[in-house]
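Participant: Structure incoming, see below.
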Amino acid sequence: MCGIVGVVGKPARDVLLNGLKNLEYRGYDSAGIYLNDLQGHQYLTKAVGRIKNLEAKLTPDEQGVVGIAHTRWATHGKPTVANAHPQYSSDNRFYLVHNGVIENYATLKNKYLSDVEFHSDTDTEVIVQLVDKFAREDNLPAFAAFKKVLNLVEGSYAFLLVDNTEPDHIFIAKNKSPMMLGVGDGFNIIASDAISVLDQTRTFIDLHDGDVADVTKDKIVIEDLQGNAVDRPAKELDIDPNASSKGTYEFFMLKEIDEQPAVMRRLAQDYFDGNNVKVDPAIVQAAADSDRIYILAAGTSYHAGLVGKNLLEKYTGIPVEVGLASEFGYHFPRLSKKPFFIFLTQSGETADSRVVLTQVNDRQLPSLTITNVEGSTLSREATYTMLLKAGPEIAVASTKAYTAQVAVQAILAKAVGEKLGLQVARDFDLKHQLGLAAEGMQQLVDGKEKIDELAKKYLATTRNAFYIGRGVDYAVALEGALKLKEVSYIQTEGFAAAELKHGTIALIEKGTPVVALINDPATADLTRGNIREVQSRGANVIVFAAKEFAQPGDDVVLPQIEYYLSPLVTVVPAQLLAYYASKNKGLDVDKPRNLAKSVTVE
Ligand code: M6R
């Protein structure tokens with residue numbers, strides 16, 4: 001959840017600050033930077049809040065050709081300067097940045113460091129103090145002391161360590177937290193994700209869990225924790241660096257909402273050969289061979305999975321269960337005889353999902369990760385991968401990844417259904433439907449001023465709100481509610497429309513905003529009844545209705561598309577409503593409080 005970046009071999013300060021700014025979406029409650037000029041000077045600066053606060057604190061003389069930096073999402077200890085990273089040993093010899101959680105930090109602290117005075121509440125400080133202790137007491141060089149500590153550590157980490165007695169090295173280690181090693185000409189760079197340092201290099205080494213490395217400006221030595229040499233090939237990354245820039249947009253979230261029609265067109269292009277769906281035959285066979293599909297995910301991806309269940313069941317006939325990864329991982333249900341697992345994850349790094357995947361792999365069961373990030377941890381560790389092809393998603397609130405997840409699940413459903421010989425799958429003109437989705441999304445984003453007006457009228461001062469819907473609209477109601485609450489801080493609940501009257505309707509009072517979604521042919525009239533129930537109790541109802549069910553006075557008429565794919569269009573005004581509710585309140589839409597883009601801790 002934190003962002004880390006380190007560089008050795010070139011003026012480091014601006015490289016690190018730029019990298020941190022690009023990584024800020026991973027965590028942004030405090031930040032810090034360590035610089036060493038290899039002339040006997042080292043500098044440590046830390047600040048609470050955003051990177052700009054850190055930048056403001058740096059003095060011109062703080063420069064270096066080696067440095068490590070960090071932007072934090074607090075896990076152990078409040079967001080204070082003392083708890084910000086880099087953490088350091090009491091003798092100011094070692095400096096460490098860390099992304100992850102050390103589970104046995106208290107045990108290590110009690111066992112080895114009872115005589116040390118700590119200056120922070122972090123688990124990270126335990127590690128840096130312990131490296132220092134082993135280096136001093138066992139007379140070990142830094143790399144050896146570091147490896148000795150790593151062999152005692154339980155938990156997740158991406159570490160960058162600098163030893164002021166040999167400051168032209170950065171020692172790094174990875175376990176369960178993302179880290180890429182960028183190879184430069186006369187320098188090397190390390191970062192939580194490649195995108196953050198694409199302006200420096202396009203050549204990256206993908207580190208694996210258990211890897212440790214000694215990195216200098218022109219040499220990289222990678223080993224395992226036992227000290228055996230490890231060979232990791234470097235590869236060129238083919239990413240458009242402009243894809244992660246805001247361009248003329250004020251916020252990434254709106255840019256990413258606007259990009260959704262293009263993502264639909266790309267998927268229709270890349271996953272089809274003419275009108276024939278094109279998915280890796282091994283994936284199709286593995287899913288078709290299963291007697292039950294389990295979809296695991298978190299947050300928005302979980303909501304996309306709820307939509308995917310409907311699509312997969314309809315077009316493949318295979319029963320589907322959708323689970324919250326954080327629950328599933330520790331309460332595995334009784335599995336069917338031939339399960340097939342799908343991990344939906346924009347980032348491919350979500351720790352809760354990875355816990356399940358690890359168990360799936362232990363049981364040697366087949367799995368597919370559907371992700372936006374090629375080479376991400378869940379992609380590497382699953383049997384198969386399908387890419388979302390949505391381009392980098394930077395805003396913390398997920399938008400285009402959600403619609404891409406729905407579309408890719410539909411693509412998979414059609415491919416598997418056809419493999420199973422199902423007429424319903426053959427008749428599913430998905431390529432045409434994705435075209436309709438793209439057109440419909442375009443129409444909706446072109447009408448965004450209307451949504452801005454709705455946000456101003458109904459959401460400017462309210463403290464709470466509801467989304468209601470039935471069938472797949474219920475799944476979108478959950479997503480609409482999550483979007484609104486995470487970026488605008490309006491307490492919003494998504495409800496199956498008929499469930500309100502079983503208790504929650506007690507919360508409806510004069511002026512409570514209720515967004516009602518109507519796409520489900522089986523229940524459109526019933527949802528109208530539920531709308532009347534809340535209107536009678538004073539609610540301000542905003543209606544998003546499919547063209548065929550729309551009535552005069554509805555706020556948004558949703559473009560025509562097949563019912564099971566309707567979330568592709570229904571979600572767009574919900575995303576826009578959240579965006580404008582947040583922007584109109586003057587909030588930082590892309591970086592809502594307390595959140596981070598990829599949740600790499602359990
Ligand atoms: O990277 P993932 O898709 O695995 O992330 C899962 C959730 O953390 C994520 O969808 C989160 O809910 C979003 N911030 C919501 O907008």
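Participant: Looking at segment 168-193, which of its residues are over 19 Å from T122 (Cβ atoms) and surrounded by fewer than 24 Cβ atoms within 10 Å (Cβ to Cβ)?
Facilitator: Listed by number, the residues that qualify are D168, H169, M180, V183, G184, D185, G186, F187.
Participant: If we scan segment 561-573, do we find a residue that is out of contact with any Cys (no Cβ under 7 Å at 6 or more places or on another chain), closer than 12 Å to K485 by Cα and hydroxyl-bearing (S, T, Y)?
Facilitator: Looking only at segment 561-573, we keep the residues that are out of contact with any Cys (no Cβ under 7 Å at 6 or more places or on another chain), and these are 561-573.
Okay, now just the ones that are also closer than 12 Å to K485 by Cα, so none.
Within segment 561-573 (the criterion being out of contact with any Cys (no Cβ under 7 Å at 6 or more places or on another chain), closer than 12 Å to K485 by Cα and hydroxyl-bearing (S, T, Y)), the answer is no, since none of the residues qualifies.
Participant: Would you pick out the residues in segment 540-576 that are in a loop (DSSP other than H, G, I, E, B) and in contact with an Asp or Glu (Cβ under 8 Å, 6 or more places away or on another chain)?
Facilitator: Listed by number, the residues that qualify are P559, Q560, S566.
Participant: So, in segment 494-537, exactly how many residues are in a helix (DSSP H, G or I) and more than 18 Å from P552 (Cβ to Cβ)?
Facilitator: 15
Participant: Any idea which of E479, E453, E449 is under 22 Å from A545 (Cα atoms), within 16 Å of the ligand (Cβ to nearest atom) and among the acidic types (D, E)?
Facilitator: Details: E453 fails: within 16 Å of the ligand (Cβ to nearest atom); E449 fails: within 16 Å of the ligand (Cβ to nearest atom).
Of the residues listed, the single one that is under 22 Å from A545 (Cα atoms), within 16 Å of the ligand (Cβ to nearest atom) and among the acidic types (D, E) is E479.
Participant: Which of (1) within 14 Å of the ligand (Cβ to nearest atom); (2) closer than 30 Å to H98 by Cα; (3) among the hydrophobic types (A, V, I, L, M, F, W, C) is the odd one out, the single condition L587 does not satisfy?
Facilitator: Every condition holds for L587 apart from (1).
Participant: Going residue by residue through segment 12-20, is there one that turns out to be out of contact with any Pro (no Cβ under 8 Å at 6 or more places or on another chain) and free of Cβ contacts under 8 Å to residues at least 24 places away in the same chain?
Facilitator: First, pick out the residues of segment 12-20 that are out of contact with any Pro (no Cβ under 8 Å at 6 or more places or on another chain): 12-20.
After this cut, where a residue has to be free of Cβ contacts under 8 Å to residues at least 24 places away in the same chain as well, the list is 14.
Within segment 12-20, one or more residues are out of contact with any Pro (no Cβ under 8 Å at 6 or more places or on another chain) and free of Cβ contacts under 8 Å to residues at least 24 places away in the same chain.
Participant: Which one of these is among the charged types (D, E, K, R), in contact with a Ser or Thr (Cβ under 8 Å, 6 or more places away or on another chain) and over 22 Å from R354 (Cβ atoms): E137, E125, E55, E62?
Facilitator: E62
Participant: Something else now. State which residue is farthest from E259 (Cα to Cα) when the search covers only segment 377-391 and only residues that are surrounded by fewer than 24 Cβ atoms within 10 Å (Cβ to Cβ) and within 14 Å of the chain's Cα centre (by Cα).
Facilitator: S379
Participant: So, one more: Can you pull out the residues in segment 45-77 that are part of a strand (DSSP E or B) and either surrounded by fewer than 18 Cβ atoms within 10 Å (Cβ to Cβ) or touching an Asp or Glu at 6+ places or on another chain (Cβ under 9 Å) (or both)?
Facilitator: Here is the first cut: in segment 45-77, the ones part of a strand (DSSP E or B) are 45-48, 66-72.
Correct list: T45, A47, V48, V66, T71, R72.
Participant: Sticking with this one: Give all pairs with beta carbons closer than 9 Å in which a residue from segment 218-236 that is within 18 Å of F146 (Cα to Cα) and without any contact (Cβ under 8 Å) to a residue 60 or more places away in the chain meets a residue that is hydrophobic (A, V, I, L, M, F, W, C) and surrounded by fewer than 13 Cβ atoms within 10 Å (Cβ to Cβ); count only pairs at least 6 apart in sequence or on separate chains.
Facilitator: V221/A229; I222/A229
Participant: Within segment 283-372, considering only helices (runs of 4 or more DSSP H) that don't extend past its boundaries, which have at least 3 residues that are away from the ligand (no atom under 16 Å from the Cβ)? If you could, list the steps in order and put the result at the bottom.
Facilitator: Working: elements: 299-316, 325-328, 351-362.
Output list reads 299-316, 351-362.
Participant: Since S379 meets every condition but one in (1) assigned to a helix (DSSP H, G or I); (2) within 30 Å of K174 (Cα to Cα); (3) away from the ligand (no atom under 13 Å from the Cβ), which condition does it not meet?
Facilitator: Only one criterion is unmet by S379, namely (3).
Participant: Give L500, L482 a once-over and let me know the one that is under 29 Å from the mean Cα position of the chain (by Cα) and either of a type in the set (V, I, T) or on the phi < 0 side of the Ramachandran plot (or both). Steps first, answer last, please.
Facilitator: Details: L500 fails: under 29 Å from the mean Cα position of the chain (by Cα).
None of the others qualify; the one that does is L482.
Participant: Quick check on segment 121-136. Is at least one of its residues at negative phi, in a loop (DSSP other than H, G, I, E, B) and buried (at least 19 other Cβ atoms within 10 Å of the Cβ)? Break it down stepwise before answering.
Facilitator: Taking segment 121-136 and keeping what is at negative phi, we get 121-136.
From the residues that got through so far, the ones that are in a loop (DSSP other than H, G, I, E, B) too are 121-122.
If we keep only those that are buried (at least 19 other Cβ atoms within 10 Å of the Cβ) as well, we get 122.
Yes, segment 121-136 contains at least one residue that is at negative phi, in a loop (DSSP other than H, G, I, E, B) and buried (at least 19 other Cβ atoms within 10 Å of the Cβ).
Participant: Scanning segment 382-430 for residues that are part of a loop (DSSP other than H, G, I, E, B), within 27 Å of T350 (Cα to Cα) and charged (D, E, K, R), which turns out nearest to the ligand (Cβ to nearest atom)? Don't jump to the end; show me each part of the working.
Facilitator: Taking segment 382-430 and keeping what is part of a loop (DSSP other than H, G, I, E, B), we get 382-383, 388-399, 420-422, 427-429.
Narrowing the set further to residues that are within 27 Å of T350 (Cα to Cα) leaves 382-383, 388-399.
Retained after the next criterion (residues that are charged (D, E, K, R)): 389, 393.
Working: K389: 15, E393: 9 Å.
So the residue we want is E393.
All of the numbers you see were taken from the coordinates with simple rules; none came from a lab. Because the structure is predicted, anything quoted here is derived from the model rather than measured. Methodologically, a virtual Cβ is constructed for each residue, glycine included, from the backbone with ideal geometry; neighbour enumeration extends over all protein chains shown.
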